[in-house]
1. Of Thr47, Thr77, how do they rank once you tally other Cβ atoms within 10 Å and put the fewest first?
2. Taking other Cβ within 10 Å of each residue's Cβ, how do Tyr41, Tyr140 sort, fewest first?
3. How large is ³J(HN,Hα) for each residue in segment 142-150, as worked out from phi by the Karplus curve 6.51 cos²θ - 1.76 cosθ + 1.60 (θ = phi - 60°), to whole Hz, x for Gly and Pro?
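Each value in this text was obtained by applying a stated rule to the coordinates, not by laboratory testing. The structure presented is a predicted model; accordingly, all values stated were derived computationally and were not measured. So basically every Cβ, Gly included, is an ideal-geometry build from the backbone, and we count neighbours across all protein chains shown.
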Amino acid sequence: MKYLEIRTVDDLVRVIQVCVWAFVVFVLMLVLGGIVGSMLYSVIFVTQPIKTMAPIDAAFTKMLNDIVLILASSVTTIVAMFAVNKGSQALADKIAPSLGIQPTPTPVPPAPSGALPVWVNPPLDEEWRAPPPPTTPPDYIDPAKAEIAEERALARAEQ
């Protein structure tokens, strides 16, 4: 039983991709394990105050908790994305010939024509002028403002 058969360039590309992704996942898991180990060591084996955790240790634990959460979600996303993409592609490549299905050719994007639409800015209406300000009083006057205006008018009348 042969574990690695490289017959085409595509096979070589897949092997390289697998090696790179394995290295990335290994490094992320190593960092994740180091953080978890240091967190457990700092909380378990370092002497803490009797009633509560030391404030600096609480801040450190919260920070490490956030980092571990981000790294764990990153590892999960990377592994799931890689596994689904490559697994489905490999499965489809292996099953297609036995079912008599021709592999689907990769669609070729249309060649750019170079004929871009011509854009012409609309002409500006340079004769436009702002309308005059309104000369009528506003329809709604706030009762508090009306009361203040009356008091000011009375104060002016008294002077």
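1. Thr47, Thr77
2. Listed from fewest to most nearby Cβ atoms, that is Tyr140, Tyr41.
3. Karplus values, whole Hz, x for Gly and Pro: 4, x, 5, 5, 5, 5, 5, 5, 5.
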